[in-house]
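So the structure is just underneath, and the comments pick up after that.
The values are calculated or read from the model by the stated rules, or taken from the named source; none is laboratory data. This is a predicted model, so every value here is computed, not measured. FYI the Cβ positions are ideal-geometry reconstructions off the backbone, even for glycines, and counts take in every protein chain you see. Side chains are part of the model used for accessible areas, which takes the heavy atoms of the whole protein and leaves out ligands, DNA and RNA. Shrake-Rupley method; radii C 1.70, N 1.55, O 1.52, S 1.80 Å.
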Amino acid sequence: MPITATAIPLFTDNYAWLLRDAATGATAVVDPADAAAIEAAVLREGGRLDLILLTHHHEDHVAGTDAVRARFGAQVAGAAADAHRLPRLDHALAEGDTVRLGESSGVVIDTPGHTRGHIAFHFAEGGVLICGDTLFSLGCGRLLEGTAAEMFTSLGKLAALPDATLVCCGHEYTAANARFALSIDPDNTALQARAAEVTALRAAGRPTIPAQLAGERAANPFLRARDAAALADIRARKDRF
Ligand code: ZN
Ligand code: FE
C-alpha cells in the first residue's frame with residue numbers, strides 16, 4: 001500500500017515531512033526541527049506518531065526530535081554513522097536497511113556529501129524519496145563535510161530511482177536554484193519550463209516541492225554533471241553565485 005507525503009513548512013525555508021501509511025494510518029515525521037509545528041501537524045492528522053526519521057545531524061533538521069519523541073512516544077531512526085551526534089536512536093541505520101511504517105517500507109540510501117552521515121529514504125510503493133539536504137529541486141546540498149566525488153555518487157543513486165519518484169527535500173531553495181541553473185544552462189528547455197513553473201508557484205505562495213525526479217534529471221545541473229570534476233566545478237560556482 002502506498003504512503004502519502006505532506007510537507008510541513010518550518011522556519012524560513014525548511015520542510016519537515018509527514019508520512020502516512022494509507023492501509024494502517026501509521027504515521028512518521030521526517031526532520032522534526034520545530035517541535036511545536038510538528039505537534040500541531042500530527043494533531044491535525046489524528047494525533048498518531050509512530051516513527052521519527054532523521055536525514056542528517058544539522059540543527060535545522062533534528063532540533064525538535066526529543067520533544068516530539070516525548071510528546072508522542074515515537075521511535076527515532078537515523079544514520080548509524082552519525083549516532084554520536086544525533087538524538088538518541090532507537091534504530092541505527094545503514095545503506096540497504098529497511099524502515100517499516102505500517103504496511104509500507106522504505107529503504108535507506110547512504111548519501112554522504114553534505115554531511116558524512118547523511119541518509120535518504122526511498123518508499124518505492126508510494127514513489128516517495130526523502131532526501132534531506134542531498135538533492136534539492138534544481139540544486140544539491142553544499143559540500144560541508146564530504147567531497148564532490150561522494151556527492152556525485154550519492155546523487156547518482158537518487159537519479160537511478162523511477163521517473164515518477166516524488167523528491168521530498170529539506171528546503172524550499174528552488175527559486176534561487178533556478179536562477180543559478182539558468183545562468184549556466186540557459187538553453188535547456190526543461191529547465192526554462194521548470195523555472196517558469198517555480199516562478200508561478202512562488203507568486204501564488206505555494207511550495208515547489210515535491211518535484212518529480214524525471215524533471216530533475218532533465219533540468220537540475222547537479223544531476224546533469226557528467227562526472228565528479230564537473231560537479232565540483234558547478235558546486236564551486238554556485239557557492240560564489
Ligand atoms: Zn543540512
Ligand atoms: Fe538544512
### Summary
Answer in debye to the nearest 20: the dipole magnitude of the chain about its Cα centre, from +1 Lys/Arg and -1 Asp/Glu charges placed on Cβ, is 400
### Projected-area average for region 1-122 over all orientations - Cα convex hull basis, square nanometres
6.6
## Note on the structure
Rounded to whole angstrom, the alpha-carbon centroid of region 77-116 lies from that of region 153-171 at a distance of 16
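For region 82-241, what is the accessible area per residue in Å² when the probe is 1.4 Å? Walk me through the numbers before you get to the answer.
Working: 6850 Å² over 160 residues.
Per-residue accessible area for region 82-241 comes out at 43 Å².
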### Task
Work out the charge dipole of the chain with +1 on the Cβ of Lys and Arg and -1 on the Cβ of Asp and Glu about the Cα centre, then indicate which of Cys168, Leu54, Phe123 is farthest towards its positive end.
Cys168
### Task
Using +1 at the Cβ of each Lys and Arg and -1 at the Cβ of each Asp and Glu in the chain, identify which of Leu101, Ala67, Thr153 lies farthest towards the dipole's positive end.
Thr153
### Task
Lys and Arg at +1, Asp and Glu at -1: add these up for the other residues within a Cβ distance under 11 Å of Lys238 and post the number.
+3
### Message
Taking the 0 to 90 degree range and rounding to the nearest ten, how far is the long axis of helix 174-184 tilted relative to the main principal axis of the chain, both from C-alpha atoms?
### Response
20
### Summary
SASA check, Tyr15, accessible area w/ 1.4 Å probe, all protein chains in place, rounded to nearest 10 Å², comes out at 20
### Query
Given region 102-241, what whole percent of its Cα pairs are spread farther than 26 Å?
17
### Message
How tilted is helix 189-203 with respect to the longest principal axis of the chain? Cα atoms for both, answer in degrees (0 to 90, nearest 10).
### Response
50
### Query
Top to bottom by accessible area (1.4 Å), largest first, where do Phe241, Phe72, Phe123 land?
Phe241, Phe72, Phe123
### Query
Which angle from 0 to 90°, rounded to the nearest 10, does the C-alpha axis of helix 148-159 make with the longest principal axis of the chain?
70
#### Entry: Estimated vicinal HN-Hα couplings, Hz - region 72-80 in sequence order (Karplus 6.51, -1.76, 1.60; Gly, Pro = x)
10, x, 7, 7, 10, 10, x, 6, 4
### Kirkwood estimate for the chain, i.e. one over the average of 1/r between Cα atoms, Å
17.8
### Summary
Among Ala5, Thr208, Leu89, the residue whose Cα sits farthest towards the positive end of the charge dipole of the chain, when +1 is placed on the Cβ of each Lys and Arg and -1 on the Cβ of each Asp and Glu, is Thr208
### Query
Using a 1.4 angstrom probe and counting only protein chains, how large is the accessible area of Glu150 in Å², to 10?
70
### Task
Return the percentage of antiparallel bridges among DSSP beta bridges fully within region 3-240, rounded to the nearest 5 %.
70
